[in-house]
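Data first, discussion second: the structure below is written as structure tokens.
The values are calculated or read from the model by the stated rules, or taken from the named source; none is laboratory data. Values in this document were obtained by computation on a predicted structure and should not be read as measured data. Using ideal geometry, Cβ is built from the backbone for each residue, glycine included, and neighbour counts are taken over all protein chains shown.
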Amino acid sequence: MCRRSRAKASAAKDAARSIAQARSFRRELVLLRIIAFKFLQAVPVILIISILAFLLLSLLPGDPAIIIAGEQASPEAVERVRQQLGLDRPFLQQLAIWLLNLAQGNFGSSLVLNQSVLSAVGERLPVTLSLTVLSISITIPIGVFLGSLAAYYRRSWIDAGVMTFALVGVSIPAFWIAILGIILFSVRLGWVPSSGFAPISQGFGAWFSSVILPALILSLFQIGFLARMTRSAMLDVLGQDFIRTARAKGLSEWRTVGKHALRNALILIITATGILVSTAIGGSVVIEQVFALPGIGRMVVQAILARDYPLVQGTMLIFGFTFVIINLIVDVLYTFADPRVRHD
């Protein structure tokens, strides 16, 4: 009997293990199908972005070749630019060549820098990436904490103080705060350099001091935005029945708010974070210009002033692809934050 009982227990364990493995495989399969479906949805968006980037030169008033070459350029120079850009070909042929080059990873070449767009972006990517990652690393913990604090102490002086700070952060222009920051922390106090970028290969301290002030200023708007979004999401969740049930069971406020409420508010917080990453990349254009950081944003401004429209065209296209990828990542994170999204 003892041997039979052991055999039955072993068979039951094997059956339970098989059922658990089957459920895990089914969940992974559903997740893979969701990710594949999201990628398929992104294909038309990428195609539309590519066509709009191609139309950038066509939307310029006048002859793009004359605009790029300059009004004082000779007819031979203008014709050389026209041939270099393929503007002497029919429109549909230009579009087909443009899409074919994109499919091969060719985003065009700069007329001023004498290098490909990918090479120019790759050289300046560490600067923009450092600024973006550091600002987001500052924004997320502070913004979520302040928003949760304001929601928990709603209609109190803490709530009013946090929302006032958030309103100031989203209202004051970044370039004005940047100038004030340079005057205070760089000129008067001498804590950080006023301009320039030190790569991390020169030491963590030099790298950190060169990007901390721009990252802090860039994160002011983001912290205000995320705090407001977190407060709104937390207020909605804190009023739900399961929060009252958790408190009735005697769970601590830290566990009730930090684990149950915040977890159910993650969908809106993830959405806000995805928006902020895109905003940080776009906002780096102004910050890099003020602090003379040799990043992608400053390169775009210089390309516009130099009429290097192929570089502007290719960089804007890369930015567009980046925003699509960010949205895809946000959609995938939804499925991990809330399993109910997988069944929608």
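Just one of Gln41, Gln21 is under 30 Å from Val330 (Cα atoms) and modelled with pLDDT under 70; which is it?
Answer to the selection: Gln21.
Report, by residue number, each residue of the stretch 81-113 that is at negative phi, surrounded by 12 or more Cβ atoms within 10 Å (Cβ to Cβ) and of a type in the set (Gly, Ala, Ser).
Result: Ala96, Ser109, Ser110.
Can you tell me which residues in the stretch 206-238 are surrounded by fewer than 23 Cβ atoms within 10 Å (Cβ to Cβ), more than 24 Å from Val285 (Cα to Cα), over 21 Å from the mean Cα position of the chain (by Cα) and not hydrophobic (A, V, I, L, M, F, W, C)?
Scanning the stretch 206-238 gives Ser232, Asp236.
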